[in-house]
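The values are calculated or read from the model by the stated rules, or taken from the named source; none is laboratory data. The shown structure was predicted, so the numbers you read here are calculated from the model rather than taken from an experiment. All Cβ positions, glycine included, derive from the backbone under ideal geometry; neighbour counts span all protein chains shown.
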């Protein structure tokens, strides 16, 4: 499924993880993360304590995938 979310420039990755986990009523947030692909086609995990805009090398709208980490 697809979820759209408007974020501010300094929104941290944890906000997005919390938003998605709340949407799906997931309690164990530590098992999940958000992946994205940079312009060089490298995959990265979104770091929860850093702002999303500082991690993304592309411009909005951003496309990310919610994944199981383990």
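The residues listed here are 3, 34, 7, 20; of these, the one that is surrounded by 13 or more Cβ atoms within 10 Å (Cβ to Cβ) and modelled with pLDDT under 90 is 7. Of all the residues in region 38-66, those that are within 18 Å of residue 2 (Cβ to Cβ) and modelled with pLDDT of 90 or more number 5.
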